[in-house]
Each structure stands twice: as C-alpha cells, then as structure tokens.
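Just below is one structure, and these are the notes that go with it.
The values are calculated or read from the model by the stated rules, or taken from the named source; none is laboratory data. What you see is a predicted model, and the numbers here were worked out from it, not measured in a lab. As a convention, Cβ positions derive from the backbone with ideal geometry for all residues, glycine included, and neighbour counts pool all protein chains shown. Protein only, heavy atoms only, side chains kept; ligands, DNA and RNA dropped before computing areas. Shrake-Rupley method; radii C 1.70, N 1.55, O 1.52, S 1.80 Å.
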Amino acid sequence: MKTAVITGGAGFIGSHLCDYFLGRDIHVICIDNLITGSMDNIKHIKSKKFDFIKHDISKRMEVKGPVDYVLDFACPASPVDYNLYPIQTAKVGSLGTHNCLGLALAKKARILVASTSEIYGDPEVHPQKESYWGNVNPIGPRSCYDEAKRFTEAITMAYHRAHKIDTKIVRIFNTYGERMRINDGRVVPNFIYQALNGQDLTVYGNGRQTRSFCYVSDLVRGIYALLLSDYNLPVNLGNPDERTILEFAKEIIKATGAKSKIVYKPLPADDPKQRKPDITLASKLLKWEPDVPLKTGLARTIRYFQSKQ
Ligand code: UDP
C-alpha cells in the first residue's frame, strides 16, 4: 500500500484530497495545525488507513515509516485569512514547503506542491498561461501569500534541479465547494451566507473584475492526474468559465431564491482585475478538463452551507 502525507489535510481542498486518496486505497497521513483548517472537515473519516498529526509544518517535521507521496497544501488561502495571519502565511509557503521538500528527499518520495493563480498577481496577460511570469506587488497586503507561493515554486524547482527529486507544481485557480469556511471572507462563502440570511450581497468595487470558479471535485481529479504524470513544470488547474463578480452575485441570488439586493463596498488593495486559466497544457498533458457546471457545483455548495446554518 502506498502512503501519502497531505499537509493542510484538514482544510478545504486538503480534506477532499484525503477522501480521494483513501478512496484509492492509499494510506493518508494528514498534517494540519488547524489555524484555518478544521477537524470538522475530516471527522467523517473512519478509515484505519488515516492518521492525523496536529503540527505546524513551518517547524521541523518528523514522519515515521515509508512515504510515497507528499502533497503540500497547508496555507491560509483567503485574502481575509492571510491578512489575519500574514507571518504564518509567508512562513508556510517558504519554511513549510522547504520542510515538505526535505521530507520528500529523505523518504525518496514524489512531491506535489500547491501553488496558485495569485503568482500571476494582477495579470496583464489574459487568459493566464503557465509561461506568463506575472505582475505581483511584492509589498502589498496580498504579498505574504503571492510571494511565498512564488518562493514555493522557486525552491521546488531548486530541489528538483539540485537533488533530482520528482516534483510537481499545481497552480490552482479559484475553487469552491463543500467545506469552505462560511466566514473565510472569500466571495463564494460570503455571497452564499448573505443570500441564505437575507442580507444584501457585498460586491467589492464596481463588480466588473472577473474570476473563473472550479468545483472542488474537478480540481482534485486534476491534482491526482498531475501527481501521477511525469511532468515537472507548473500546470494551471481551474475552470475557464469566466464571469464578472457582479454576474456571479446575480447567479447566487437566483440559485438561492433570495430577495437580497446588491450593495457596493470598496475594492481591496491589489484585487486582480481579471483571472481566467488557460488550461491547454492540462488538457493535453493530463487529458483533464473540468466537467461540473457552475450551476451544479453551486447547488451542492449551497446545500452544504444550508446544512451548517
Ligand atoms: N469579492 C466581493 N465581495 C465579497 C468577497 C469578495 O466582491 O464579499 C470579490 C473580491 O474583491 C474579488 C473576487 O470577489 O474581486 C474574488 O475574491 P476572493 O476573496 O474569493 O478571492 P481572490 O480571487 O480575490 O483571491
């Protein structure tokens, strides 16, 4: 039986990865310090092939026994969270990833690190291809995340080149689904919470900024395919179905049947104006494309948030 270490395994994407790997009969060691992750996300797991370790991966990590795969998914992932935890965010993408790479080297394991569309910053190229180097403010409020993730990629390539370890880098675009935290401040939980509670939806700026939302099961399937591939350079995974945030707010109002109106609030600093993945590489390399339409994914996500009310 293979063993996977999944850091951030009690988080939103991490917990879905735990389920996916257990479903493939892979022993999972989940490591999380629970600052933004939650035991609630993994409490349904009864498998004997599952171990949980509460640990901050920015500090030295000890894992007993053989490890085949390391998946580095520990990191606050919402602009609100990385403003609350700027130092932890900067450390987990740098020291945390360094520790994961050290673990992979020691165990002769394959490692996949989570990067992000944020490495493209406020992109001047649209849609974003892997070959674009980005437009990031190195000292802005999002920089603790953006620059740490750029470092994640840099040190991963350094380990790949210096130690010849088998590394994968996934650039994750906006992802949504069950187990997002209702108060994590991101647009999907904010709008759904507001709609379900009869509040007005808070659109930041004029709402003309765009995002493209990928349902979590599509993403997890792509991550697994990338892990098993022999490609070592970064790969975008996301849904290219782009819309403005204003359009998105209207979709949530429709999908929930809410009577909410839209109110406008100031746009946060450095909020990217447009974002849409070019997934040509993933579709050629991994034969991967997202197949859950926004309507279906939103219906599932809304049901989840309703059950948590
Ligand atoms: N946003 C919004 N209202 C909210 C939360 C977010 O209009 O209540 C906007 C935000 O300004 C951004 C987009 O929605 O343009 C996506 O924000 P999110 O925090 O989900 O993630 P980002 O893609 O910015 O990392």
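Taking the accessible area of the chain, probe 1.4 Å, and keeping the other protein chains in place, the carbon and sulfur fraction comes to 54%.
Kirkwood radius and radius of gyration were both taken over the C-alpha atoms of the range 170-309, and their ratio Rg/Rh is 1.00.
With +1 on each Lys and Arg Cβ and -1 on each Asp and Glu Cβ, and nothing else charged, work out how big the dipole of the chain is about its Cα centre, in Debye to the nearest 20.
On the way: 43 positive and 32 negative charges, 116 e Å.
For this selection, approximately 560 debye.
Using modelled backbone amide H atoms (1.01 Å from N, in-plane), which distant-in-sequence or interchain residues come within less than 5 Å of ILE31's amide H? When sequence neighbours closer than 5 places are left aside, the close amide H contacts are ILE6, THR7, GLY8, GLY9, ILE53. In terms of packing, defined here as the mean over residues of other Cβ atoms within 10 angstrom, the peptides 8-21, 296-309 line up highest first as 8-21, 296-309. Simple rule: put +1 on each Lys or Arg Cβ and -1 on each Asp or Glu Cβ in the range 1-78, find the dipole, and look at ILE6, LEU22, ILE35; the Cα lying farthest toward the positive end is LEU22.
Report the calculated FRET efficiency for LYS54 and ILE87 (r = Cβ-Cβ distance, R0 = 25 Å), to the nearest 0.05. Could the numbers behind the result be given before it?
Working: r = 19 Å, r/R0 = 0.78.
E(calc), rounded to 0.05, equals 0.80.
Taking all protein chains together and rolling a 1.4 Å probe, GLU289 ends up with roughly 110 Å² accessible.
Per residue, the accessible area of the range 238-309 comes to 58 Å², computed with a 1.4 Å probe over protein heavy atoms only. Label separation (ASP25 vs GLN199): 4.7 nm, computed from points 7 Å beyond Cα along the C-beta direction. Using θ = phi - 60° in the Karplus curve 6.51 cos²θ - 1.76 cosθ + 1.60, the 3J(HN,Hα) couplings for the range 62-70 round to 10, 10, 7, x, x, 9, 9, 10, 10 Hz; x is entered for Gly and Pro.
Amide H contacts of TYR204 (H built 1.01 Å from N, in plane; Pro and chain starts excluded): LYS265 sit under 5 Å, all sequence-distant by 5 or more or on other chains.
Springs between Cα atoms under 10 Å define the GNM used for the chain, and in it the highest mean-square fluctuation of PRO123, PRO266, PRO141 occurs at PRO266.
In debye to the nearest 20, how big a dipole does the range 30-152 give about its Cα centre with +1 on each Lys and Arg Cβ and -1 on each Asp and Glu Cβ?
On the way: 16 positive and 14 negative charges, 144 e Å.
For this selection, approximately 700 debye.
So for the range 159-298, taking the charge dipole from beta-carbon charges (+1 Lys/Arg, -1 Asp/Glu), which of ASN236, TYR193, ILE223 sits furthest toward the positive end? Positive-most Cα among the choices belongs to TYR193.
Across all C-alpha atoms in the range 24-81, the radius of gyration and Dmax reach 12.5, 37 Å. Of the residues LEU281, HIS55, GLN88, the one whose Cα sits farthest toward the positive end of the charge dipole of the chain, with +1 on the Cβ of Lys and Arg and -1 on the Cβ of Asp and Glu, is HIS55.
Distant-in-sequence amide contacts of THR116, defined by a placed amide H-H separation under 5 Å and a gap of 5 or more residues or a different chain, comprise ILE172. For the chain, what relative contact order do you get, as a whole percent, if you take Cα pairs closer than 8 Å and at least 6 residues apart? Worked out over the chain, it gives 17 percent.
Summary of the geometry: the range 105-128 and the range 130-163, compared by the centres of their Cα atoms, lie 8 Å apart.
Along the range 275-284 the Karplus relation, 6.51 cos²θ - 1.76 cosθ + 1.60 evaluated at θ = phi - 60°, assigns HN-Hα couplings of 7, 7, x, 8, 10, 4, 5, 4, 6, 6 Hz to successive residues, with x for each Gly and Pro.
Counting only the Cα atoms, the chain fills a convex hull of 119 Å³ per residue. Can you bin the range 261-309 into rounded, prolate or oblate? Criterion: square roots of the alpha carbon gyration tensor eigenvalues sorted a ≥ b ≥ c, rounded for a/c under 1.5, prolate for a/b above b/c, oblate for the rest. Verdict is oblate for the range 261-309.
About its Cα centre, the range 21-97 has a charge dipole of approximately 220 debye under the convention of +1 per Lys or Arg Cβ and -1 per Asp or Glu Cβ, with nothing else charged.
3J(HN,Hα) couplings calculated from phi for the range 180-185 with the Karplus curve 6.51 cos²θ - 1.76 cosθ + 1.60 (θ = phi - 60°) are, in sequence order, 5, 7, 4, 10, 7, x Hz; Gly and Pro show x. Please list, in order, the residues from the range 179-193 whose amide nitrogen is less than 19 Å from a point placed 7 Å along the Cα→Cβ vector of ARG303. Zone members listed by number: 179-182, 189, 192-193.
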